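Below is the structure I would like to discuss, written out as structure tokens.
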Amino acid sequence: MKVIKSETGFLVYQKIFKYLQANHSSLVVWQILPDSGKRQICSSRLNSFHLESKLLHLELSSNAGLLSTEPLYCYAEDGQLIFKTSIQELREANFSVAVPTEIKLLEDEEVTIIRGQVGLDLASVWKVKRLQLDVNDFADETVIIKSMAQRSTHDQAILNEEFNLSVDEEDKLFAGVRESTRARPKKDKWVKLMIIGEDSKGLFRLFDLSQGGMAFVTAKQDIFSKGTQLYITGFDEVELDDPLIGKVVAVRPIDDSKFEFKIGVKFEDGQN
């Protein structure tokens, strides 16, 4: 059994839930009724998810009488994965649950045990398909470098658009001494990123961008220090399928007030 923790497995969680949503995968969900001890079992599917707000939004195949006060157990037929969560909002056939603190990926013999514990009522909704995740997805600190050619069409389109920002006159003066000419957005643009090994994701104003690196603005410079490794997970409201990998190389105040700081980031080699 492999166990993925929410505090270190943000990107794996994103990959799992994106897969389940895109494939309209069935989820077997059940609760243990407090009065009788019996299991209330039904079929569901994932409509949407939002990891930043820690919510999954699901839809029941029928009104199964779930209880908002009791724990909910979910098994995904696509992937042999199981997790325990709690209901946050219940609206007849639509409900929202908390992102689980951990997800367990089961081996075949463990699936058999759980099927026996839950009961034969699952016969009409239970199937077994293993979710194809790379073994490196489960190494919390593993940094996987992807070149542009290895990225999805979705990512290539996003990055090509971002890297085609116009270059201002000041940066043209330094084009000969930089590996990649930096471009500044003409209007406020935001970058989503997270420190590798941490769970929380932040949204920061983008200062400049090139194929070799970027800079962003923050008032909390103490969060970032030289050598800090980052996942760049998206721009504005758009998410990348696979993050860019970068390392903080400079932390400087933007002006004498020292209220805002520019964090310089160099992208790891091999991503352009």
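The values are calculated or read from the model by the stated rules, or taken from the named source; none is laboratory data. As the structure is a computational prediction, the values presented were derived from the model and not from experiment. FYI the Cβ positions are ideal-geometry reconstructions off the backbone, even for glycines, and counts take in every protein chain you see.
For the condition modelled with pLDDT under 50, out of contact with any helix residue (DSSP H, G or I) (no Cβ under 7 Å at 6 or more places or on another chain), within 30 Å of L81 (Cβ to Cβ) and surrounded by 13 or more Cβ atoms within 10 Å (Cβ to Cβ), what is the one hit in V167, V125?
Matching residue, one of V167, V125: V125.
Also, I was wondering about something else. Of all residues being of a type in the set (S, T, N, Q), surrounded by fewer than 20 Cβ atoms within 10 Å (Cβ to Cβ) and closer than 15 Å to E70 by Cα in segment 23-43, which is farthest from the chain's Cα centre (by Cα)? Just the residue, please.
Looking at residues that are of a type in the set (S, T, N, Q), surrounded by fewer than 20 Cβ atoms within 10 Å (Cβ to Cβ) and closer than 15 Å to E70 by Cα, I get S36.
For the condition surrounded by fewer than 19 Cβ atoms within 10 Å (Cβ to Cβ) and either assigned by TED's automatic domain parsing to the domain that holds V97 or within 14 Å of I103 (Cα to Cα) (or both), what is the one hit in L20, L46, L60, L55?
L55
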